[in-house]
Amino acid sequence: MIGVKLGLVKSQSGNCDGLVNAMHITASVFINDDESGLHNDYEKWLEKLAPHEPVSGYRHNDTGEDNADAHMKRQVMGREVVVAVTNGQLDFGTWEQIFYGEFDGRRRKRVLVKLIGE
Amino acid sequence: MKSFRKELWFNLPTRLGFVNITPQVEACLQESGIMEGLSLISAMHITASVFINDDESGLHQDYEHWLEELAPHEPTSHYKHNQTGEDNADAHLKRQIMGREVVIAVTDGKLDFGPWEQIFYGEFDGRRRKRVLIKIIGE
């Protein structure tokens, strides 16, 4: 999993909601700690819950894909976050950081950021 | 467009617990005067959840057992994150399963819920003061 901090949304917006979502179904956007040990724990844990191997263990992979596990890992970690924007700032607790979680990388993929409000 | 913001504070006496916060969210909605819009309710801490499910104590016990099975607290040395001096790596994992936030439609000044939907604060590393953010936007 690659944790990429999205240094986003220093917008003109005052009070609104920001939606940040993965546009691919084998990736996640989630909020948690920017701590490398924890990211290592997530990786091990997700591999235990939805192992990549054996790829033949998944019906989805009969289609020629080898990423069934990535579809499951993404369900555990979530698709999107919604963050309140208050006075032009992400309205966060002390340790909240936004991550892109990749479970089937080595190709170009996207995240959508949508702000609604004023 | 109107916007309304409030924080709810918690200090649960146990490491893990669930609190039904639906009445507090409904009170906020009433106070906001917003009739049509969206309400966001999110945990401001990364070892806690806000989720929607059933207000049934047996289910809450089931969640507790299930989460403990999926992400056990012990042995704490099993987690790299705990080498930083923390003992709450399991709580970061449990929170991912249960989710950080919910977004609820506001229609005619009410939370637009199905028959059994109730909002819960899920605590996975309690015994300290923690917050939930309620933000409602609309008209």
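In segment B:26-62, what residues are more than 14 Å from chain A (Cβ to nearest Cβ) and in contact with a Leu (Cβ under 9 Å, 6 or more places away or on another chain)?
Those that are more than 14 Å from chain A (Cβ to nearest Cβ) and in contact with a Leu (Cβ under 9 Å, 6 or more places away or on another chain): B:26, B:29, B:53.
From the list A:76, A:82, pick out the single residue that is in a helix (DSSP H, G or I) and within 13 Å of the chain's Cα centre (by Cα). Please lay out each step first, then the result.
Numbers: A:82 fails: in a helix (DSSP H, G or I).
Only one candidate qualifies: A:76.
Considering only segment A:49-60, I want to know if a residue exists there that is surrounded by fewer than 21 Cβ atoms within 10 Å (Cβ to Cβ) and in contact (Cβ under 8 Å) with a residue 40 or more places away in the chain.
Going residue by residue through segment A:49-60, those that are surrounded by fewer than 21 Cβ atoms within 10 Å (Cβ to Cβ) are A:49-60.
Next cut, in contact (Cβ under 8 Å) with a residue 40 or more places away in the chain only: none.
No, that holds for no residue.
Is it fair to say residue A:114 is within 14 Å of chain B (Cβ to nearest Cβ), at negative phi and part of a strand (DSSP E or B)? Give the derivation first.
Working: within 14 Å of chain B (Cβ to nearest Cβ): yes; at negative phi: yes; part of a strand (DSSP E or B): yes.
Yes.
Within segment A:20-51, track down each residue that is small (Gly, Ala, Ser) and either within 11 Å of residue A:73 (Cβ to Cβ) or within 12 Å of another protein chain (Cβ to nearest Cβ) (or both). Before the answer, list the steps.
Keep residues of segment A:20-51 that are small (Gly, Ala, Ser), which gives A:22, A:27-28, A:36-37, A:50.
Hits for segment A:20-51 are A:27, A:28, A:36, A:37, A:50.
Scanning segment B:28-65 for residues that are surrounded by 14 or more Cβ atoms within 10 Å (Cβ to Cβ) and part of a helix (DSSP H, G or I), which turns out farthest from the chain's Cα centre (by Cα)?
Residues of segment B:28-65 surrounded by 14 or more Cβ atoms within 10 Å (Cβ to Cβ): B:28-29, B:32, B:34-35, B:37-53, B:55, B:60, B:63-64.
If we keep only those that are part of a helix (DSSP H, G or I) as well, we get B:28-29, B:32, B:60, B:63-64.
Details: B:28: 16, B:29: 17, B:32: 21, B:60: 13, B:63: 14, B:64: 14 Å.
Filtering first and then ranking leaves B:32.
What strands (runs of 3 or more DSSP E), lying completely within segment B:94-139, carry at least 1 residues that are closer than 14 Å to residue B:39 by Cβ, within 12 Å of chain A (Cβ to nearest Cβ) and not β-branched (Val, Ile, Thr)? Don't jump to the end; show me each part of the working.
Working: elements: B:101-107, B:118-123, B:130-138.
Strands (runs of 3 or more DSSP E) meeting the threshold: B:101-107, B:130-138.
Values in this text are rule-based calculations from the coordinates and carry no lab data. Only a predicted model underlies this, so the values are computations on that prediction, with no experimental measurement involved. Cβ sites come from the backbone with ideal geometry, for glycine too, and all protein chains shown count toward neighbours.
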